[in-house]
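J.: Mind having a look at this structure? Questions to follow.
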Amino acid sequence: MEKIAVIGGAGYIGSHVCKLLKQSGYSPVVFDNLSTGHRRLVRWGEFFKGDLGSISDLLRFFKKHKVRAVMHFSAFAYVGESVDNPAKYYLNNVANTINLLNAMRNAGVNRFVFSSSCAVYGEPVALPMRENMPFNPISPYGRTKKIVEEMLVDYNAAYGLKFTALRYFNAAGADPDGETGELHCPETHLIPLVLDAAAGRRPYIKVFGGNYKTPDGTCLRDYVHVADLAQAHLLALRCLERGEGGGAFNLGNGNGFSVLEVIEMAEKVTGLKIPVKMVPRRAGDPAALVASSLRIQRNLGWKPQYNSLETIIRHAWAWHRKIR
Ligand code: UDP
């Protein structure tokens, strides 16, 4: 079985990708320092405890595991935190990615799937958002993703690195079999927090801003099921194995749901009342982020299976009840 390095495979999206890789006949090898990941989510392959800041960890990893490709999920991803502590973000998301790419070159591995973000675009100039929109990130987090994407283009030109950058919109939901799911600490994402409020684990959900230029005044986001994201990684890997460099792809469903619509759907799914408190806007939140994912559908044949918000929240709720 071909080994695939999954950097950050003990985290939310990485663990779903490991499960799918295993089911698809690959042998995932997780490299993770467990700073935000969870050992118990590493269930579909070997585990190597290592830190991207350590060149010797990387050398040992690539010596021990002859991998065919690398998937890189190991980044910090809180926009607000990146504004307060940009050094943390540039160090991990940029400098540590350079360490990883150099270790790959050293080991002769030249296939790379990178977790990028819609944050590279900043405030969208048009909706739905296409890949050819200009990069205009408005947070240090978004800038770290932009920098790495630009580096990948240079590494491709100079060293022949084949890469695909997947620009996630709002990853959500959980494994449909309930074997893995979202487990952030602290949790900042809307859907798990809404479910916490439904379960009475917090008194209410704060809605960040009710005066955006959207139909109900709250922000619109494109929620994409984590199992569909995992499928996109598998397609990206296969594309690189065919010798094609994939470039960059958006990953979303093309539908924007408002914060209030998410809460309403969560009330329907859980059958529970969810108290709401309107609070001021959160810094750095664009009013609406909605993807066009036509490019990945056309070029790689991506077909999201779980594209209804109800299914996304149902799977998230099943996982939430299992782990809380
Ligand atoms: N949001 C909210 N209350 C919360 C958390 C998030 O109103 O407690 C809003 C947030 O302003 C954004 C949307 O929910 O419009 C999704 O936010 P999340 O943090 O889940 O993902 P992001 O869009 O930041 O990647």
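Please treat every number below as a calculation from the coordinates, not as lab data. It should be emphasised that the depicted structure is a prediction, and the values quoted were computed from it without experimental measurement. Quick reminder, even Gly has a Cβ in these numbers, built from the backbone with ideal geometry, and neighbours come from all protein chains shown.
J.: Take the residues in the stretch 161-174 that are assigned to a loop (DSSP other than H, G, I, E, B) and over 19 Å from Leu20 (Cα atoms), then tell me which one is nearest to the ligand (Cβ to nearest atom). Spell out how you get there, then give the answer.
T.: In the first step, residues of the stretch 161-174 are kept if they are assigned to a loop (DSSP other than H, G, I, E, B); the result is 161, 169, 173-174.
Next cut, over 19 Å from Leu20 (Cα atoms) only: 161, 169.
Working: Leu161: 28, Phe169: 8 Å.
Taking the candidates together, the pick is Phe169.
J.: Applying the selection to the stretch 216-251, what residues are surrounded by 19 or more Cβ atoms within 10 Å (Cβ to Cβ), part of a loop (DSSP other than H, G, I, E, B) and away from the ligand (no atom under 16 Å from the Cβ)?
T.: Passing the criteria: only Gly246.
J.: If the Cβ limit is 9 Å and pairs must be 6+ apart or interchain, which residue in the stretch 221-239 that is under 11 Å from Tyr168 (Cβ atoms) and small (Gly, Ala, Ser) pairs with which residue that is more than 16 Å from the ligand (Cβ to nearest atom) and assigned to a helix (DSSP H, G or I)?
T.: Ala232/Ile296; Ala232/Leu300
J.: In the stretch 217-269, what count of residues is obtained for those that are of a type in the set (S, T, N, Q), closer than 16 Å to Thr164 by Cβ and touching an Asp or Glu at 6+ places or on another chain (Cβ under 7 Å)? I'd like the intermediate steps shown before the answer.
T.: Taking the stretch 217-269 first, the residues of a type in the set (S, T, N, Q) are 218, 231, 250, 253, 255, 258.
Then drop every residue that is not closer than 16 Å to Thr164 by Cβ, which leaves 231, 250.
This time we only want the ones that are touching an Asp or Glu at 6+ places or on another chain (Cβ under 7 Å), so: 250.
Final tally of qualifying residues: 1.
J.: Would you list the helices (runs of 4 or more DSSP H) that sit entirely within the stretch 1-120 and hold 3 or more residues that are small (Gly, Ala, Ser)?
T.: On the way: elements: 12-23, 55-64, 79-84, 86-89, 96-107.
In the stretch 1-120, no matching helices (runs of 4 or more DSSP H) lie anywhere.
J.: Quick check, is Ala197 within 14 Å of the ligand (Cβ to nearest atom), surrounded by 17 or more Cβ atoms within 10 Å (Cβ to Cβ) and of a type outside the set (Ser, Thr, Tyr)?
T.: Numbers: within 14 Å of the ligand (Cβ to nearest atom): yes; surrounded by 17 or more Cβ atoms within 10 Å (Cβ to Cβ): yes; of a type outside the set (Ser, Thr, Tyr): yes.
Yes: the conditions hold for Ala197.
J.: Same structure, new question: Of the numbered conditions (1) closer than 28 Å to Leu152 by Cβ; (2) out of contact with any helix residue (DSSP H, G or I) (no Cβ under 6 Å at 6 or more places or on another chain); (3) away from the ligand (no atom under 11 Å from the Cβ); (4) assigned to a loop (DSSP other than H, G, I, E, B), Thr180 satisfies every one except a single condition; which is it?
T.: For Thr180, the failing item is (2).
J.: Please give the number of the condition Leu21 fails out of (1) surrounded by fewer than 19 Cβ atoms within 10 Å (Cβ to Cβ); (2) in contact with a Pro (Cβ under 9 Å, 6 or more places away or on another chain); (3) over 27 Å from Leu190 (Cα atoms).
T.: Exception for Leu21: condition (1).
J.: Are any residues in the stretch 175-189 without any contact (Cβ under 8 Å) to a residue 40 or more places away in the chain and within 17 Å of Leu21 (Cβ to Cβ), and if so, which ones?
T.: Initial filter on the stretch 175-189 (without any contact (Cβ under 8 Å) to a residue 40 or more places away in the chain): 177, 186-187, 189.
Across the stretch 175-189, the qualifying residue is only Asp177.
J.: Hey, another quick one. When you scan the stretch 274-291, do you find a residue that is more than 14 Å from the ligand (Cβ to nearest atom) and not aliphatic (A, V, I, L, M), even just one? It would help to see each step written out before you state the result.
T.: We begin by selecting, within the stretch 274-291, every residue more than 14 Å from the ligand (Cβ to nearest atom); these are none.
So far as the stretch 274-291 goes, no, none of its residues is more than 14 Å from the ligand (Cβ to nearest atom) and not aliphatic (A, V, I, L, M).
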